[in-house]
Amino acid sequence: MPRFIERMPTGGYGYLSTVPSHVKLVAECLACGVQREMDRAALNKAVRGLEGISEMGKRLRCEACGRKNGKLMTGYYAE
């Protein structure tokens, strides 16, 4: 099963528009530990492109536990 490897973009977190399209976006709930790959279009609509990536996770609600206690990560999958 592939696992997600978090990799912060060079220069730190920026805005969604600055993350290359080949980089995966995964949200992790800090309350229950569930991870989910995020769709860029849906994420951009949800946060309206106003905030940096580090703040976006706090606005996302976990489908598993219902809390707003998340972290949005950039990275890739590895075997």
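If each residue of separation counts as 0.36 nm, what is the full-extension length gain between S21 and V34 once their alpha-carbon separation is subtracted?
Extending this stretch completely gives an extra 2.4 nm.
One quarter of the convex hull surface, Cα atoms only: what value does that give for the chain in nm²?
5.2
Given a 1.4 angstrom probe, what's the average accessible area per residue across the chain, in square angstrom?
Per residue, the chain has an accessible area of 68 Å².
Provide the solvent-accessible area of E63, counting protein heavy atoms only and rolling a 1.4 Å probe, rounded to the nearest 10 Å².
Approximately 150 Å² for this residue.
Using a probe of 1.4 angstrom, how much of the accessible area of the chain is carbon and sulfur, in percent?
Roughly 49 percent of what the probe reaches on the chain is carbon or sulfur.
In the chain, which chymotrypsin sites (Phe, Trp or Tyr not before Pro) are in a loop and have at most 14 other Cβ atoms within 10 Å, using DSSP for the loop call?
When the chymotrypsin sites (Phe, Trp or Tyr not before Pro) of the chain are filtered for loop state and at most 14 Cβ neighbours within 10 Å, Y15 remain.
Points 7 angstrom from Cα along the Cβ direction at K58 and Y77: gap in nanometres?
According to this spin-label approximation, the distance is 3.0 nm.
With +1 on the Cβ of every Lys and Arg and -1 on the Cβ of every Asp and Glu, and nothing else charged, how large is the dipole of the chain about its Cα centre, in debye rounded to the nearest 20?
Dipole magnitude for the chain comes out near 260 debye.
Would you mind telling me which residue in G66, G14, G52 has the biggest mean-square fluctuation in a Gaussian network model of the chain, where springs connect alpha carbons within a distance under 10 angstrom?
G66
May I ask which residue of T18, G66, A31 lies farthest towards the positive end of the charge dipole of the chain, with charges of +1 (Lys, Arg) and -1 (Asp, Glu) on Cβ and the Cα centre as origin?
Projecting each Cα onto the dipole axis, the largest value belongs to G66.
Kindly provide the helix-only [θ] at 222 nm of the chain, computed as the sum of -39,500 (n - 2.57) over DSSP H runs of four or more divided by all residues, to the nearest 500 deg cm²/dmol?
Helices in the chain give a 222 nm mean residue ellipticity of -3500 deg cm²/dmol.
The values are calculated or read from the model by the stated rules, or taken from the named source; none is laboratory data. Quick caveat: nothing in here was measured; it's all calculated off a predicted structure. Note: ideal-geometry Cβ built from the backbone for every residue, glycine included; neighbour counts use all protein chains shown. The accessibility values were calculated without ligands, DNA or RNA, using every heavy atom of the protein model including side chains. Shrake-Rupley method; radii C 1.70, N 1.55, O 1.52, S 1.80 Å.
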